[in-house]
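Report on one structure; see the data block that follows.
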Amino acid sequence: MHGRTVGKRNRFWIIGVAASTSLVLAACGSTKDSAPSAGGGGDGSGKVGVILPLLTSPFWQSYNDYVPKMAKSEDVDAMKTVNSNSDPSQQITDINNVLNQGVKGLVVAPLDSAAIEAGLDQAERKGVPVVAVDVAPDKGKVAMVVRANNVSYGEKACQYLGEQIPSGKVVQIMGDLASVNGRDRSEAFRTCVKENFPKLKVLEIPAKWESDTAASKLDTLLNANPDIKGIYMQAGGVYLAPTLQTLKSKGMLKKAGQAGHITIVSNDGIPQEYDAIRRGEIDATVSQPADLYAKYGMYYVKAAMQGKTFEPGPTDHDSTIVKLPSGNLEDQLPAPLVTKENVDDPKLWGNTVG
């Protein structure tokens, strides 16, 4: 889920797939039409509220910019976005405030996988369908979760570091473990290293998507472990700048190819990460689809307002719909690994924003 630039959270984020606005529902996973739900049935008209987790991360700034564009392309009447400013309690208040304005649909990027249930329950009582973006709720009903496979994020980071580093210490700067994203990335990375690269020793920094926490804990860790060989940052939007600054202050920021270079893999796919890859300061990132989060958030909320439902299966936009333990469905959008070999690919959303 990606955060705060200084002491705030990030949730962090591909390929700018130009999917047609006339997507055929039957092609989107093993889809089916159902009887209209309480929140829809009809032409899908009506106001849609959009709740953001925060706006201090470049990732969420980009998502926010995409929302009105994608709403227009999907013919959704989206209201002005509401920023919950990294506060899960405020997010529930924001949801209630938007519901009280008579919206017919809601697109929410949850800050906390458990806390969001209160807001989802309020929406269900009012018969308003909800689409969750980026973070899947632990409980509560949503029409669809629009998200990338966060287990894959951790695994891709593990594989890249493992292939570059024969042995030694690697650090994962983790996200908020109250978020399923933080849990998925952390456990996947940890498990992958243990199973595939036993000569690597994983050191962990719980940083809660907070940049100042990441910086201070990394500083302390480096004092005790000046011999680290690799770093996995679970959110470039909040961890990139403090990580590079901390390494630089210790004389440990060496470019790729230089002696003493620390191999760094990130998550998000923001322009700042791409520039760091080009400079040789970091080596790779997993591009999280800010553009497609906005596009399919709008697509699925309109479908829900029309009373349509989906089933697990492959989609026509290079993703797969899966059923979660909660019973909700999740459209797992593609998230490619970006290295110096493909960092200039014009299809990557991070190369299409300023």
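Here are a few things to note about the model shown:
- Set ALA290, ALA304, ALA284: member being among the aliphatic types (A, V, I, L, M) and within 20 Å of LEU247 (Cβ to Cβ): ALA284
- Number of residues in segment 314-347 that are over 30 Å from PRO129 (Cβ atoms) and out of contact with any strand residue (DSSP E or B) (no Cβ under 6 Å at 6 or more places or on another chain): the value is 7.
- When the residues of segment 176-210 are filtered to those that are at pLDDT below 95, closer than 19 Å to VAL286 by Cα and touching a helix residue (DSSP H, G or I) at 6+ places or on another chain (Cβ under 6 Å), the one that is most open to solvent (accessible area, probe 1.4 Å) is ASP176.
- Subset of segment 96-120 [open to solvent by 10 Å² or more (accessible area, probe 1.4 Å) and under 18 Å from SER57 (Cβ atoms)]: ASP112
- Only listed residue being touching a Leu at 6+ places or on another chain (Cβ under 6 Å) and not in a helix (DSSP H, G or I), chosen from GLY127, GLY140: GLY140
- Filtered by the rule that a residue be at pLDDT 95 or above, within 22 Å of LEU54 (Cβ to Cβ) and hydrophobic (A, V, I, L, M, F, W, C), segment 236-266 gives LEU240, ALA241, LEU244.
- The conditions of being open to solvent by less than 10 Å² (accessible area, probe 1.4 Å), in contact with a Pro (Cβ under 6 Å, 6 or more places away or on another chain) and under 21 Å from GLU210 (Cβ atoms) are not met by SER57.
- For segment 251-278, residues that are open to solvent by 30 Å² or more (accessible area, probe 1.4 Å), of a type outside the set (S, T, N, Q) and under 20 Å from LYS229 (Cβ atoms) total 10.
- Test: residue in segment 126-149 that is over 17 Å from TRP209 (Cβ atoms), of a type in the set (S, T, N, Q), over 21 Å from the mean Cα position of the chain (by Cα) and open to solvent by 10 Å² or more (accessible area, probe 1.4 Å): no
- Looking across segment 296-312, the residues that are of a type outside the set (A, V, I, L, M, F, W, C) and open to solvent by 10 Å² or more (accessible area, probe 1.4 Å) come down to TYR299, LYS302, GLN306, LYS308, THR309, GLU311, PRO312.
- Yes/no for LYS295 being within 18 Å of the chain's Cα centre (by Cα) and among the basic types (Lys, Arg): yes
The values are calculated or read from the model by the stated rules, or taken from the named source; none is laboratory data. Given the structure is predicted, the values throughout are model-derived calculations rather than measurements. Ideal geometry is used to build each Cβ from the backbone, glycine not excepted, and the neighbour counts take in all protein chains shown. SASA here: full protein model, heavy atoms, side chains in, ligands and nucleic acids out. Shrake-Rupley method; radii C 1.70, N 1.55, O 1.52, S 1.80 Å.
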